[in-house]
Amino acid sequence: MNIWIVNYYTGTPETVSNPRYVQLAKNFMASGHRVLTFNSATSARISEAELSGHDFVQRDYGDHKFVHVKVMPYQGNGARRMLSIWKFARTVLKIRKYFEKPDVILHNIHPPFDYPIVRLAKKLKAKYIAEAWDLWPADFVTFGLVKENHPALKIAYQIEKKYYEKADEVIFTFEGGIDYLKKKGWTTENGGKINLKNVHYVNNGIDIAEFDKNTLLYPRPDADMNDPNLKKIVYLGSISRANNVQTLIDAAKLLQKDERYRFFIYGDGTFRDDLEQYVIDQHIDNVVFKEKSIPLAECAWVVSQATVNVMNYQKNFGWMGVSSGKMFQYLAAGKPIVCNIEIAYDDVISNNHLGIARDLETPGDFVEAIKAIAEQPEADYQAMCQRIRQTAKQFDYQYLSKKELSIICK
């Protein structure tokens, strides 16, 4: 088959932060299929000069074939971000004639802003797979970006429903997506049009062999991370409203007198500058802000040096499950995880005794959880590490790709 993967945010094999589609493409191609990935030029770090006034540029990265689409730049989560996604989708619809017709379009959806891709599949008479990593627009309400009674929200939900109704198959990377459709009343069992036989759950994952190789190939000359006497608490990822990183920093403040503990924060986002200043103003000496961005290959070594790896979110983030890319890196690292929210569906951490995942309301709660993991008897700690590594094997992309392909080929 000729498969198109369409996702505004997918990076190249060199720039990717969440490797799902690079890994799926690799395994699809290994099974004999052709794959073409459409993403935004900014996700691929393609400059305006390289686009030379054109709507797109094609690039090959080894066996991976990409179309980088010109988009409107934006900052933050405002209207320009949504407009940029809309224009991306419109441009992909416009430039379809330049490429071999696909048999399948696998679309990472951002309702209602990239609906033109649904129209694209219809025009090309291609099988349409709607894949959701998040619940747009519902998450906008969850995180306080939009009021529940906003007049535009009702329209947005109706357009979102159309994505799922028009899809030949629907894939959620979080288990609760299936219940979400039921609660909305959109499934055939309660009078809607979406048949649950065509709705699936395929979590994110990790290429364990590649992770292990990267851990050996890309060690970092970092005195802090190489210090065997430290209990290293590592946070890796976005520093935005949804991540609530200040609670972790306030927990670190409570542990300042214990010189064994040091907190390392890797990543960037709208709140990073404010939090760096907060650490200075509050004289929190055991928090170290590391790079805003490091290559994905180097993340393997970083999370493997941790005593505890942290997943940190705003309350209610996991209301339909969590499929965070960082969680699977943490699993492959074989190090315990502390997550500050209760995960409502498919709680990999709690179900397999890999650490702690519960609502940690205060910095003190966070400290208690971190110490419970980091200061347990050494034999118990090592046994937990072994369970984590064993659990990671369930999420190897070699297995997940076969599962996804079986859905695409139904």
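Bear in mind these aren't lab numbers, they're just calculated from the coordinates by the rules spelled out. Quick caveat, the model's predicted, so the values are computed rather than measured. Virtual Cβ from ideal backbone geometry, glycine too; neighbours counted across all protein chains shown.
Pairwise over distinct Cα atoms, reciprocal of the mean inverse distance: report the Kirkwood radius of region 54-144 in Å, one decimal place.
Over region 54-144, the inverse of the mean reciprocal pair distance is 14.5 Å.
List, in the order given, every pair from Lys26/Lys193; Lys162/Lys292; Lys70/Lys125; Lys26/Lys127; Lys101/Lys183 whose Cα-Cα distance in the structure shown is over 31 Å.
As for pairs spanning more than 31 Å Cα to Cα, those are Lys26/Lys193; Lys162/Lys292; Lys101/Lys183.
Quick one: divide the alpha-carbon radius of gyration of the chain by 2.2 N^0.38 Å and tell me what you get.
Scaled against compact globular proteins, the figure is 0.99.
In degrees between 0 and 90, to the nearest 10, how far off the longest principal axis of the chain does helix 272-281 point, with axes built from Cα atoms?
20
Scan the chain and hand back the longest stretch that contains none of the GluC sites (Glu not before Pro) lying in DSSP loops with at most 10 other Cβ atoms within 10 Å.
149-410
Sequence neighbours fewer than 8 away in the same chain don't count; with that in mind, list the aspartates and glutamates whose C-alpha is under 12 Å from Lys290.
Output for Lys290: Asp222, Asp224, Asp268, Glu276.
Residues with amide H under 5 Å of Cys339's amide H, sequence separation 5 or more or different chain, H placed in the peptide plane at 1.01 Å from N; which?
Under 5 Å from the amide H of Cys339: Met311, Ile356, Ala357, Arg358.
Under Stokes-Einstein, with the Kirkwood radius over Cα pairs standing in for Rh, what whole-number D in µm²/s applies to region 152-218 at 4 °C and 1.567 mPa s?
Reported coefficient: 93 µm²/s.
Using only the alpha-carbon atoms, what does region 264-312 span along each of its principal axes? Please give whole angstrom values in decreasing order.
Sorted from largest, the Cα extents of region 264-312 read 33, 23, 17 Å.
If you take every DSSP beta bridge fully contained in the chain, what fraction is antiparallel? Give it as a percent rounded to 5.
10
Taking the chain as the reference, fit the longest principal axis to its C-alpha atoms, fit the long axis of helix 151-166 to the helix C-alpha atoms, and give the angle between the two in degrees, 0 to 90, nearest 10.
That works out to roughly 70 degrees.
I'd like the Karplus ³J(HN,Hα) series for region 359-375: coefficients 6.51, -1.76, 1.60, θ = phi - 60°, whole numbers in Hz, and an x wherever there's a Gly or Pro.
For region 359-375, the Karplus curve yields 5, 9, 6, 10, x, x, 4, 5, 4, 4, 5, 4, 5, 4, 7, 6, 10 Hz.
Per residue of region 77-84, what does 6.51 cos²θ - 1.76 cosθ + 1.60 with θ = phi - 60° give for ³J(HN,Hα)? Whole Hz please, x for Gly and Pro, Karplus curve as stated.
So the Karplus estimates, Gly and Pro as x, are 10, x, 4, 5, 4, 5, 5, 4 Hz.
Can you flag which of Lys232/Lys257; Lys94/Lys402; Lys213/Lys253 are past 24 Å Cα-Cα?
Those over the limit are Lys94/Lys402; Lys213/Lys253.
Which value results for Rg/Rh of region 290-410 when Rg is the Cα radius of gyration and Rh the Kirkwood radius based on the inverse mean 1/r?
For region 290-410, the value is 0.99.
Add -39500 (n - 2.57) for each DSSP H run of 4 or more in the chain, then divide by its residues: what number comes out at 222 nm, to the nearest 500 deg cm²/dmol?
-11500 deg cm²/dmol
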